[in-house]
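Structure first, commentary second.
Just so you know, all these numbers are worked out from the coordinates, no wet-lab data involved. Note that the structure is a prediction, hence the values are computed from the model and not measured. Cβ: placed from backbone, ideal geometry, glycine included. Neighbour counts: every protein chain shown.
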Amino acid sequence: MARRGKAGAREARPAGLTENLMAEARRGNAQARETLLRQYQPFVLRVAGQVTRRRLEPGRDDEFSIGLAAFNEAIDHYRDERGGGFFAFAEQVIRRRLVDHYRKQRLARREVPLSSIDDPVQGPSRLPEVREAILAHRAEAEAGERREEVLRYRELLQDYGVRLADLVRAAPRHADTRRSALRAARTLAEDPALAGFLRERQAVPLKMLAERSGMKRKTLERHRRYIVATALILLEDFPYLKSYLLRE
């Protein structure tokens with residue numbers, strides 16, 4: 001994952017000119033909106049590239065178009081009183097729209113309806129081996145997607161200084177502590193300001209998280225790796241890991 005560095009830190013809040021352009025765009029000024037979309041194409045490319053984990057090119061990759069549309073959506077829906085800054089909000093919208101895009105693609109690939117092999121006159125297929133083959137294909141495709149998801153997750157964790165092998169030892173042993181840490185991870189993932197801090201600095205904003213989660217700072221420090229690992233599952237496109245996590 002590309003790190004933001006100083007340039008990313010400057011994107012926390014829009015400058016005065018950008019704020020004026022955003023206000024004009026929301027009032028229906030098409031030229032102001034076009035200026036914003038053109039000016040912040042590099043921002044959209046960076047965020048979308050972090051999600052896809054590859055270099056994107058305008059005009060070639062659908063993900064860039066989806067990201068640009070999401071940035072346009074963020075212009076209309078951002079409100080300064082929410083806190084966290086416009087660019088943290090825009091990044092969250094871009095990531096969500098790309099996650100939705102990939103989820104729809106995955107479902108479209110996996111869901112081959114069994115009804116497609118049914119005879120419209122005689123009804124459901126009487127060839128059990130055909131139906132079993134389709135079910136086996138689905139299971140194989142899902143197993144491959146799970147392996148790919150774990151590999152992507154392991155690479156992402158490395159950017160945050162966490163190893164997949166360490167997570168078993170890092171998980172809180174007591175159920176109550178584990179539930180509290182999971183609640184803190186959800187707070188970290190769902191709060192735009194906290195999530196923006198995590199992504200920008202690859203670190204946990206311990207003081208703010210302690211205030212908003214109700215957990216002691218020392219407890220958060222002790223379970224930092226577990227909280228980071230859990231928050232990333234909630235933030236990114238990891239549907240299999242997320243379904244397992246939500247059963248906790």
Residues of segment 33-75 being in a helix (DSSP H, G or I), among the basic types (Lys, Arg) and within 20 Å of Leu156 (Cβ to Cβ), in sequence order, are Arg46
Among the candidates Ala30, Ala25, which residue alone is of a type in the set (A, V, I, L, M, F, W, C) and buried (at least 19 other Cβ atoms within 10 Å of the Cβ)? Ala25
Being without any contact (Cβ under 8 Å) to a residue 40 or more places away in the chain, under 24 Å from Arg163 (Cβ atoms) and not in a helix (DSSP H, G or I) is the filter here, so list the residues in segment 204-233 that pass it. Val204, Pro205, Met215
